[in-house]
Structure formats: structure tokens, C-alpha cells
Amino acid sequence: MNMKILDDVIQVNDEECFVVARRLVENGRDLYGRKRRWVVSLPLWRLAKELGPKDYIVAFMPDTGMRYLSKVYNDEWMRERGYVDSAVPITAAEIIHAKRSAGKVRELVIVRPYQTVFHALKTMQEQDISQIPVFEENLPIGTMYEDQILTLALQGKDLRKLWCAK
């Protein structure tokens, strides 16, 4: 990727991604995964409306939705987490502000480079997350992904002897 030609990066929240993914399936589109949902989410659609006929949006579609059948495409899972189809667009900043105003502040879940990959996996399972940032002091130095850890396990690696260090 040539970062010199990058004009903008659009960040979106999980709820928006989940809702858009479900709408795409309902409209006969592909079964999209989390990363694809980010790409085809509402901010991108809003941006597209502002562009002219000679403008381009380039989007990378890195995964499918097969890994999310029991979550994003499960009505009960969506209801339990408060994710509902909503016609009201909301930004991640608005959600964070509302949660902080309601006293629902959550610390960032991280691992340290000196902790084991097993510890990272256990933390991810406890927090129901699929990725976790690796911090050294107060600086992010990488990310551990669930599929990356599972690949190591399938290769026969001892997760208790591997460190989270990059």
C-alpha cells in the first residue's frame, strides 16, 4: 500500500459493522466478516454520496462471515449485546461519550510482551474479543489475533512457552 496516496481513514464501531453486515445479507449480498463489514459500513456509504463520478474508493475485503454465524448473524446474540438495527446514524465518538456520561468506562484490555501467548488467548476468551493489543510501557507494539494464536496451536507450538513480544 502506498501511504502517500492515502487521503483518509474512516473508523467505525462494532454495532454499525454488525448492522450493515446483516442488512447486506438480507438484501441478497455476500456473507461478510468483521473486516469486510468495516469496509462496507455506513460512513463509507455516506462518503460515497459526497464523491463525484471521477472519484474512487478503494476497499480491501479480507475475510468472510463464516466465522461469525453464532454471533453477528444470531439474533439472540445481537439482542443480548444491545446491537439493534437502527436508522439513526451514530459515531463511535458519540457512543464513547454516552458510555462515559453513564459511568460505563472500561479499561483497555491489553497484554504485555513478557506475558505468554496462552495468557493472551485466555484473556481474549474471558473478554469475548478476537484480538488484543500488545503494549510495552504505554506504547502499542503489536496485536495478537485469535486466528494467529490458533494457527500456532495447530502447528504444535506450546502457547505457554511463547511470549507476546513481537
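The values are calculated or read from the model by the stated rules, or taken from the named source; none is laboratory data. Everything numeric in this text was worked out from a predicted model, so none of it was measured. Don't worry about glycine lacking a Cβ; one is built from the backbone with ideal geometry, like all the others, and counts go over all protein chains shown. When the accessible area is computed, the model is the full protein with side chains, heavy atoms only, and any ligands, DNA or RNA have been set aside. Shrake-Rupley method; radii C 1.70, N 1.55, O 1.52, S 1.80 Å.
Assorted remarks:
- Applying a threshold of 8 Å to beta carbon distances and a minimum spacing of six or more residues, or different chains, the list of pairs starting in the range 48-59 at a residue that is under 12 Å from residue 8 (Cβ atoms) and ending at one that is at pLDDT below 75 and in a loop (DSSP other than H, G, I, E, B) reads 51/57.
- The residue pairs whose first member lies in the range 152-166 and is among the aliphatic types (A, V, I, L, M), whose second member is open to solvent by 60 Å² or more (accessible area, probe 1.4 Å), and whose beta carbons are closer than 7 Å, counting only pairs six or more residues apart or on different chains, are 159/118.
- Considering the range 110-133, and only residues there that are within 14 Å of the chain's Cα centre (by Cα) and among the aliphatic types (A, V, I, L, M), the residue that is farthest from residue 162 (Cα to Cα) turns out to be 129.
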